[in-house]
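Engineer: The structure follows.
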Amino acid sequence: MKIFVAGLPYDLDDAELTEIFEKFGTIISAKVAIDRETGKSKGFGFVEMENEAEAKDAIENLNDISLGKKPLVVKAADDRPGGNTGGGTSGAFKADFDGQTFTANTTQAIVNDDYIAITGMKSTGEFFQITVPEGTVGTYTWDDYDENSGGVQGGFALIYSQASGSIPYMGASDQWGAFADVPGYTDTAEIIITSIDTQNKKISGKFKFTGIRYANGVTIETKVFTNGSFTNIPYTADVPTNPSNNNTFFAKLNGQNFTPTNISAMSMSDRINIIGRKGAVENIALSLKSNVTPGTYNLTMIGDYSGRYTKDMSPLGNFASDSGSVTVISHDVANKKIKGTFHFVATLPVLSPDTHNVTDGTFDVTYQ
């Protein structure tokens with residue numbers, strides 16, 4: 001009988017997982033899930049036991065005990081959280097802040113073994129994005145990571161942006177990182193993935209966080225987001241780089257090929273946003289006027305035409321185009337197809353001396 005185990009300490013290995021379960025019977029195999037890129041544990045694993053009665057005994061005795069910061073979730077593999085959930089409002093994404101409730105017009109979710117990414121957007125361009133570097137149910141906070149664990153780079157993030165191109169509010173640790181010493185800032189970030197319906201490909205959960213940002217490169221602003229929820233959001237395992245519409249996107253980043261694993265293009269709030277993402281977070285993006293005609297346009301930090309390089313979800317990981325241009329070769333408005341080239345230098349003024357050179361950029365996409 002195969003058993004699913006979540007909530008494992010990140011330093012626990014296969015041998016220690018075996019030791020925990022062999023007290024209840026004969027173990028056929030015990031494997032901790034490992035992230036392919038970092039080589040680190042994902043915090044869950046699978047145990048196969050020879051005898052079903054012994055396996056059920058192990059489940060009964062080990063479920064909900066704590067080996068670290070989280071209680072264990074121990075279930076038969078086919079009963080693990082992620083079965084049919086039912087109920088709820090299909091595709092609902094909401095959050096409260098500033099005395100109002102944000103309700104998304106459109107949602108997008110990606111769920112796979114490496115990460116979960118969920119976005120809720122309004123037609124105005126206002127959006128939330130939350131990501132966790134795991135592919136299973138559970139509760140995630142900054143306490144699950146430390147400065148050296150790759151928490152931010154690994155994909156744990158909560159973001160709210162008032163519009164495409166605006167400076168976003170980001171959840172951040174108050175113990176380490178860029179905002180650790182900010183007076184009066186208290187981290188409240190929590191993402192709870194309550195269910196992943198693998199049969200109907202829908203995900204549900206809750207979130208909250210206190211967002212922080214440098215509003216003008218100097219002034220720090222905070223905003224508290226509560227009662228965040230996403231209910232029965234349809235998800236895919238990822239958006240392939242060569243779907244039926246044959247979208248293509250390529251660039252060189254600091255002289256190295258940047259080949260995305262995900263290409264998306266969407267028209268909203270008088271903008272066409274084109275994004276090439278590699279992995280859970282890292283991406284190069286362009287924002288163009290929706291009525292753009294063939295020609296060459298300067299890229300600026302905030303304006304009608306802008307470029308952006310997101311290295312990670314930390315407050316110092318979002319770089320905007322300081323100089324450069326985009327050349328639109330063709331734009332078929334009726335069929336929503338646009339093709340062009342681009343290059344820009346991405347910077348983070350005042351906060352960081354780092355710059356990133358994006359060159360040899362090309363795109364040929366159909367947008368939604």
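Engineer: With a point put 7 Å past each Cα toward its Cβ, work out how far residue 112 is from residue 51 in nm, to one decimal.
Structural biologist: The two pseudo-label positions are separated by 4.1 nm.
Engineer: Which order do 176, 142 fall in if you start with the one that has the fewest other Cβ atoms within 10 Å?
Structural biologist: 176, 142
Engineer: Quick one: Cα centre-to-centre distance for the range 1-36 and the range 260-331, in angstrom?
Structural biologist: Each part's Cα centre sits 43 Å from the other's.
Engineer: Once the range 2-79 is represented by equal point scatterers at the alpha-carbon sites, with solvent omitted, what log10 I(q)/I(0) does the Debye formula produce at q = 0.14 Å⁻¹?
Structural biologist: Here log10 of I(q) over I(0) equals -0.39.
Engineer: Order these by the 10 Å Cβ neighbour count, fewest first: 8, 67.
Structural biologist: 67, 8
Engineer: Give me the lysines in straight-line cross-link reach of residue 40: C-alpha distance below 22 Å, same-chain residues under 8 apart excluded.
Structural biologist: Candidates past the 8-residue exclusion: 31, 69, 70, 278, 311.
Engineer: Between residue 304 and residue 290, what length in nm is gained on full extension when 0.36 nm per residue of separation is reduced by their alpha carbon distance?
Structural biologist: 4.1 nm
Engineer: Right, another one. Take 192, 284, 3, 329 and order them by how many other Cβ atoms sit within 10 Å, fewest up front.
Structural biologist: Neighbour counts put them in this order, fewest first: 329, 192, 3, 284.
Engineer: First obtain the Kirkwood hydrodynamic radius of the range 92-234 from its Cα pairs, then insert it into the Stokes-Einstein equation at 20 °C and 1.002 mPa s, and state the resulting D in µm² per second as a whole number.
Structural biologist: D, rounded to a whole number, is 139 µm²/s.
Engineer: Calculate I(q)/I(0) for the range 248-366 by the Debye formula, one identical point scatterer on each C-alpha and no solvent, and give its log10 at q = 0.09 Å⁻¹ to two decimals.
Structural biologist: -0.21
Engineer: What number comes out for the charge environment of residue 105, summing +1 per Lys or Arg and -1 per Asp or Glu over other residues with Cβ under 11 Å away? The partial results should precede the final answer.
Structural biologist: Details: positive: 122; negative: 126.
Net of charged neighbours comes to 0.
Engineer: Between residue 334 and residue 257, what FRET efficiency comes out of the Förster formula 1/(1 + (r/R0)^6) with R0 = 35 Å and r the beta carbon distance, rounded to 0.05?
Structural biologist: Details: r = 33 Å, r/R0 = 0.95.
Working from the Cβ atoms, E equals 0.55.
We did not get these values from a lab; they are worked out from the coordinates using the rules stated. What you are looking at is a predicted structure, and each value in this text was computed from that prediction instead of being measured. Note that each Cβ is placed from the backbone with ideal geometry, even for glycine, and that neighbours are counted across all protein chains shown.
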